[in-house]
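J.: Encoded as structure tokens, here's the structure I'll be asking about.
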Amino acid sequence: MDRTRRRISQGRGTGTVSDLVALVTGGTKGIGKAIARSLAKKGIRVYMNFAADAQAAETALGELKAEGMSAAVMQADVSDQEQVNTMIGTIVQNEGRLDILVNNAGIIKDGLLMLMPDRNWHKVIEVNLNSVYYCSKSVLRPMIGSKWGRIINIISPSALMGRAGQTNYAASKGGVLSLTRSLAREVGRYNITVNAVSPGVIATELTKEMDEKIREEFISMIPAGRFGTPEEVAHAVSFLASDEAGYITGEYISVDGGLT
């Protein structure tokens, strides 16, 4: 295949693409859906992974297709290595390649360490950290084969500064950041970059349900004086997926209004 067809155009700095394929885990809601839309708007064929909510997945898929975008949904529990390998194997079989991986899927089960049920520790590590290992390992062979790839991991300010009541979550996201930096050193020679994006407090369905006093307390800690939007996170991910970011690897971008 002509490499110029697969790579991101430098024309006018907009980064339009053709023939690239992306997978966004946890890609049918919130930040993940915004990331999927942002990539699809550039002409990338996007697979949106989901774990259980088939209705939300069909809704997200319908929205993208209604806008004329190329998208599909794939159900898999990303904390299960066999399911991950099957999902990614199916995509590669269907498309002949997989160029961009966004490890976005994650859960939160907060609680003080002394009182934390062991199952809450293990589940957060399995979904937030182990999934990144499983997905990244599975995509490396096709990326190395094509001598081009982008792996973008979604982390959190908890990975950078810690937070009481989030030892499990902070450990999982801190692990992802360290994995990002180490893997970048392993695969850079294959023209594969590995980076992370750290969203701060982002306006989602969850934040809409916040008590007004708690909302004001959060906003008071953010120099920008507001919550971020899923689209602002998605813009950072799209940039890291582009050729314009080809010399950036092993790094993270904070999209948190100055919180960290």
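The values are calculated or read from the model by the stated rules, or taken from the named source; none is laboratory data. Keep in mind the model is a prediction, meaning the values are calculated, not measured. Positions of Cβ are backbone-derived with ideal geometry, glycine not excepted, and every protein chain shown enters the neighbour counts.
J.: Check segment 218-235 and report whether any residue there is part of a helix (DSSP H, G or I), more than 30 Å from M116 (Cα to Cα) and in contact with a Phe, Trp or Tyr (Cβ under 6 Å, 6 or more places away or on another chain).
T.: No, that holds for no residue.
J.: Could you check I108 against (1) closer than 22 Å to D77 by Cα; (2) modelled with pLDDT under 95; (3) part of a helix (DSSP H, G or I) and say which number it fails?
T.: (3)
J.: I'm trying to understand the selection: among the residues of segment 56-72, which are touching a residue at least 12 places away in the same chain (Cβ under 8 Å) and hydrophobic (A, V, I, L, M, F, W, C)?
T.: Of everything in segment 56-72, those that are touching a residue at least 12 places away in the same chain (Cβ under 8 Å) and hydrophobic (A, V, I, L, M, F, W, C) turn out to be A56, A57, A60, L61, L64, M69, A71, A72.
J.: Tell me yes or no: at least one residue of segment 135-148 is in contact with a helix residue (DSSP H, G or I) (Cβ under 7 Å, 6 or more places away or on another chain), closer than 30 Å to Q93 by Cα, surrounded by 15 or more Cβ atoms within 10 Å (Cβ to Cβ) and of a type in the set (V, I, T).
T.: So far as segment 135-148 goes, yes, one or more of its residues are in contact with a helix residue (DSSP H, G or I) (Cβ under 7 Å, 6 or more places away or on another chain), closer than 30 Å to Q93 by Cα, surrounded by 15 or more Cβ atoms within 10 Å (Cβ to Cβ) and of a type in the set (V, I, T).
J.: Let me ask you something else. Within the group I214, I248, which residue is outside any helix (DSSP H, G or I), aliphatic (A, V, I, L, M) and over 21 Å from G32 (Cβ atoms)?
T.: On the way: I214 fails: outside any helix (DSSP H, G or I).
Matching residue, one of I214, I248: I248.
J.: A further question follows. Is it fair to say V194 is among the β-branched types (V, I, T), surrounded by 18 or more Cβ atoms within 10 Å (Cβ to Cβ), in a helix (DSSP H, G or I) and out of contact with any Pro (no Cβ under 7 Å at 6 or more places or on another chain)?
T.: Criteria not met by V194.
J.: A further question follows. Any idea which residue in segment 73-93 is farthest from W121 (Cα to Cα), counting only those that are in contact with a strand residue (DSSP E or B) (Cβ under 8 Å, 6 or more places away or on another chain) and either without any contact (Cβ under 8 Å) to a residue 12 or more places away in the chain or crowded, with 16+ Cβ neighbours inside 10 Å (or both)?
T.: Only one residue tops the list, namely I91.
J.: For segment 139-175, name all the residues that are closer than 18 Å to I125 by Cα, in a helix (DSSP H, G or I) and in contact with a Gly (Cβ under 9 Å, 6 or more places away or on another chain).
T.: Answer for segment 139-175, where residues must be closer than 18 Å to I125 by Cα, in a helix (DSSP H, G or I) and in contact with a Gly (Cβ under 9 Å, 6 or more places away or on another chain): P157, S158, A159, L160, T167, N168, Y169, A170, S172, K173, G174.
J.: Which of the residues that make up segment 208-222 are surrounded by 10 or more Cβ atoms within 10 Å (Cβ to Cβ) and either farther than 20 Å from G258 by Cβ or without any contact (Cβ under 8 Å) to a residue 24 or more places away in the chain (or both)?
T.: So in segment 208-222, the residues surrounded by 10 or more Cβ atoms within 10 Å (Cβ to Cβ) come out as 210, 214-219, 221-222.
Listed by number, the residues that qualify are M210, I214, R215, E216, E217, F218, I219.
J.: Which condition number does K109 fail, the rest of (1) of a type in the set (D, E, K, R); (2) within 15 Å of the chain's Cα centre (by Cα); (3) under 30 Å from R163 (Cα atoms) being met?
T.: Only one criterion is unmet by K109, namely (2).
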